[in-house]
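Below is one structure, written out as structure tokens; comments come after it.
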Amino acid sequence: MTTNDNAARLQANKDVVTRLMSRLFDPATSDTPETRALMTENYIQHNPNFADGPDSVMRFPHTEKARAMFGALKFAGERLLIAEGDYVMMMQPVYRDKGDGSGESFVSFWFDLWRMEDGKAAEHWDYADWDPDLAGKLHG
């Protein structure tokens, strides 16, 4: 593989991750054949709240938890994507409420790591707190 071919493959992988994340944050596009086509059928999800396979993560935007989270979510800047080999790392700055009743926010960063396979998301890691209510809905 030439340097140009490798650079094009890395950019294509970053583009897939960008499209996938945009689609998964929108209930109108999350559970569609177009979104499914961005993930392998054997998609592995390391977040304990989601089952393996595309269905669980595609259904998430339709849950009450997602509606509450997405309603309060405000992005704080451009995503940073870094690709190497079969992996793409995304860092997304977001505003988070301090949670102290002041209404003040701070900037935090979400980190996601994706393993790509044949131009599709095959595996995903991120930070997650265990949510038994959500996990019960998405593992079924």
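The values are calculated or read from the model by the stated rules, or taken from the named source; none is laboratory data. Just so it is clear, the model here is predicted, and its values are computed rather than measured. When we count neighbours, we look across all protein chains shown, and the Cβ atoms used for this are built from the backbone with ideal geometry, even at glycine.
Key figures for this structure:
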item	result
Cβ-Cβ under 6 Å pairs, at least 6 apart or on other chains, region 54-71 side farther than 18 Å from Lys120 by Cβ, far side part of a helix (DSSP H, G or I) and of a type in the set (S, T, N, Q)	Pro61/Ser30
Residue within region 10-20 that is more than 21 Å from Asp86 (Cβ to Cβ) and of a type in the set (Asp, Glu) present	no
Residue satisfying condition, being of a type in the set (Asp, Glu) and in contact with a Pro (Cβ under 9 Å, 6 or more places away or on another chain), within set Glu34, Glu78	Glu78
Pair list, Cβ under 9 Å, 6 or more apart: region 5-28 residue within 15 Å of His62 (Cα to Cα), other residue aromatic (Phe, Trp, Tyr)	Leu24/Phe60; Phe25/Phe70; Asp26/Phe70; Pro27/Phe70
Every residue from region 21-36 that is in a helix (DSSP H, G or I), in contact with a helix residue (DSSP H, G or I) (Cβ under 7 Å, 6 or more places away or on another chain) and closer than 18 Å to Asp112 by Cα	Arg23, Leu24, Ser30, Thr35
Enumeration of residues in region 41-59 that are surrounded by fewer than 18 Cβ atoms within 10 Å (Cβ to Cβ), under 16 Å from Gly119 (Cα atoms) and in contact with a strand residue (DSSP E or B) (Cβ under 8 Å, 6 or more places away or on another chain)	Asn42, Ile44
Given (1) among the hydroxyl-bearing types (Ser, Thr, Tyr); (2) over 21 Å from Tyr127 (Cβ atoms); (3) surrounded by fewer than 16 Cβ atoms within 10 Å (Cβ to Cβ); (4) at pLDDT 95 or above, number of the condition Thr35 does not satisfy	(3)
Boolean, Phe25 is modelled with pLDDT under 90 and either within 14 Å of the chain's Cα centre (by Cα) or not aliphatic (A, V, I, L, M) (or both)	yes
